[in-house]
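Step one of this worksheet: look at the structure below.
Derivation of every value follows stated rules applied to the coordinates shown; laboratory data play no part. Please read these numbers as outputs of a predicted model, since none were measured by experiment. Using ideal geometry, Cβ is built from the backbone for each residue, glycine included, and neighbour counts are taken over all protein chains shown.
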Amino acid sequence: MTEKTGFEKAPARDRRRFPGISSRAYEHPSDRSALVALRKLSGFDTVFKTLSGLLPERSLRLLFLSESVRVGETQFPHLHTMLRDACYILDLEKVPQMYVQQDPKPNAMCIGLDEPIIVVTTGLVELLDEEEMRAVVGHEVGHALSGHAVYRTILLFLTGLALKVAWIPLGNVAIMALVTALREWFRKSELSADRAGLLAGQDLRASMRGLMKIAGGNHLHEMNVDAFLAQAEEYESSGDLRDSVLKILNVLPRTHPFTTVRAAELKKWAESRDYQRIMDGHYPRRDEDKDASVSDSFRQSATHYADAVRTSKDPLMKLVGDIAGGTADLGGKLRDKFTGASAGASAGGGAGAGGGTAGGPEGRGGATDQG
């Protein structure tokens, strides 16, 4: 009698492998630029070096060893197979240890300083089918390959430390500056890891389903991929400048981008020439990383941001684009954006009544983190 895994068994199929692939192949331009900006933050190098020596990594490993179930050939063997497959496809030489933690909240993370550890919750294992879970495991292996685990571990430590020293005004301000910078980077790194998950699973529909389930639970019969992606379009384009500011405030406390935004970004990349080139075997190799140009990375990031501003439907981004393009009457434009009024035809003419709406979706904080 075979043991039930709790997954729907999908037909076995071959997946492309990417020998020697560099994380540069799938890293989102925002991820690279945010990490460079983080490293340039005043005091970050000092804090990083200090924390690297102080963080109780051995204690962390012992905690998972004693309180969670270690994935292997005799425990959660289906997850063990997925992990080995993902490491084989992305050519990660050493397979990280993986643990299943009892927690009804769907979550996964990759942490550790010397060696990465992958942790998934029972809530996530019970929520996703086999192909959806394969994308999540590949997502976490992507974090490991990119070296994200170190910064995620420091973020977790600093977040806890900020709570402990909240009564010290200046100390808390200094720590929260680092936490805010780390969160900004980590949100961008999630977009990179989503791409790694797609490369490992090679099933865009499964990746989309997984993100939908994280947002709306195990009710796929009640959900629709096109409608879900339309939410991302509405979120980006609706409202006025005030809503743009609220979106920024909503996302600041989060370590992850909003789920609809992640789905839209992943679909866009899956349809791009960059993704097809990787699938055809044309991608940067790790043995070329030492020769990679930092200035080229900056140029790619700058180009990405310029394109994002130019094509964005968000009112704030459109205003930034207008300013960069040299739009006249900046003061009047700012006034009109905030008040919803349309500009008058002449200096002596009265401003017409505005028709702007404020009340576009702003997203909810505290959504599930899939690390």
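Computed from label points 7 Å out along Cα-Cβ, the spacing between E271 and D226 is 1.2 nm. Near R84: Cβ cut-off under 14 Å, other residues only, Lys/Arg at +1 and Asp/Glu at -1. The net charge is -1.
Does anything in the stretch 94-129 have its amide N under 16 Å from the 7 Å Cα→Cβ label point of T81, and if so which residues? 129, by backbone N distance to the label point.
The packing ranking of peptides 271-277, 90-96, highest mean first, is 90-96, 271-277, where packing means the average number of other beta carbon atoms within 10 angstrom of each residue.
For the stretch 269-291, the residues whose backbone nitrogen is under 15 Å from a point 7 Å from the Cα of E93, taken along Cα to Cβ, are 286-290. Computed as a quarter of the hull surface, the mean projected area of the alpha carbon convex hull for the stretch 83-157 stands at 4.8 nm². Couplings 3J(HN,Hα) of the stretch 262-279, computed from phi: 4, 4, 5, 5, 5, 4, 4, 5, 4, 9, 8, 5, 4, 5, 5, 5, 4, 5 Hz, in residue order, whole Hz [Karplus 6.51 cos²θ - 1.76 cosθ + 1.60, θ = phi - 60°; x for Gly and Pro]. Amide hydrogen proximity for H28: with H placed 1.01 Å from N in the peptide plane, the residues at 5 or more positions away or on another chain lying under 5 Å are S192.
Here the stretch 187-240 is treated as a Stokes sphere of Kirkwood radius computed over C-alpha pairs; at 25 °C and 0.890 mPa s its diffusion coefficient rounds to 197 µm²/s.
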